[in-house]
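Scroll down for the structure; my scribbles are underneath it.
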Amino acid sequence: MPEQRWKRFERDVAAPGGGARIPVSGRNPGDPDVILPWLPGFFVEVRDRMRPRPLRWMREVWAKAHARGERPLVIFKADAPHLSPLVLLRWADFERVVRDGQDRPGAGPAAAGEGGRAPGGARAQGD
């Protein structure tokens, strides 16, 4: 039986930078979908849906993240491959990542446009 699409997407999101997919995270609602070691302190949920529900997702993820003392992050596949995947992050958390990470060389995987592959196997823009 081929791997389900959403599982593959979770693996693709986790792979850059040595992340890991958490198997059967749905059975334990307190677990994130993936761990991104280069982004500590974030509760990461991955969504592969045809109808995006970003506010609903963020509310759900915020509640889980808050219970663990972490910050919520949602990564989801859009129906427009050239725009996907997208990251949903609170502004205050975005500011913190930019502020705290701007002086750290090698703080994560190559950004889009810097080579490598984007999650989902698509070539990053500029390749």
* If a residue has to be under 18 Å from Ile35 (Cβ atoms) and out of contact with any Asp or Glu (no Cβ under 8 Å at 6 or more places or on another chain) to count, how many in region 67-82 make the cut? -> 4
* To do: Could you tell me whether region 57-72 includes any residue that is surrounded by 11 or more Cβ atoms within 10 Å (Cβ to Cβ), assigned to a loop (DSSP other than H, G, I, E, B) and touching a Leu at 6+ places or on another chain (Cβ under 9 Å)?
  => no
* Filtered residues of region 90-102 (kept if assigned to a loop (DSSP other than H, G, I, E, B) and in contact (Cβ under 8 Å) with a residue 12 or more places away in the chain) -> Arg90
* To do: With the checklist (1) within 16 Å of the chain's Cα centre (by Cα); (2) outside any strand (DSSP E or B) in hand, flag the one item Val87 doesn't pass.
  => (2)
* Asked: What's the number of the condition Val98 fails, among (1) hydrophobic (A, V, I, L, M, F, W, C); (2) surrounded by 12 or more Cβ atoms within 10 Å (Cβ to Cβ); (3) modelled with pLDDT of 85 or more?
  -> (2)
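The values are calculated or read from the model by the stated rules, or taken from the named source; none is laboratory data. What you are looking at is a predicted structure, and each value in this text was computed from that prediction instead of being measured. Here the Cβ is made from the backbone with ideal geometry for all residues, glycine too, and neighbour counts use every protein chain on show.
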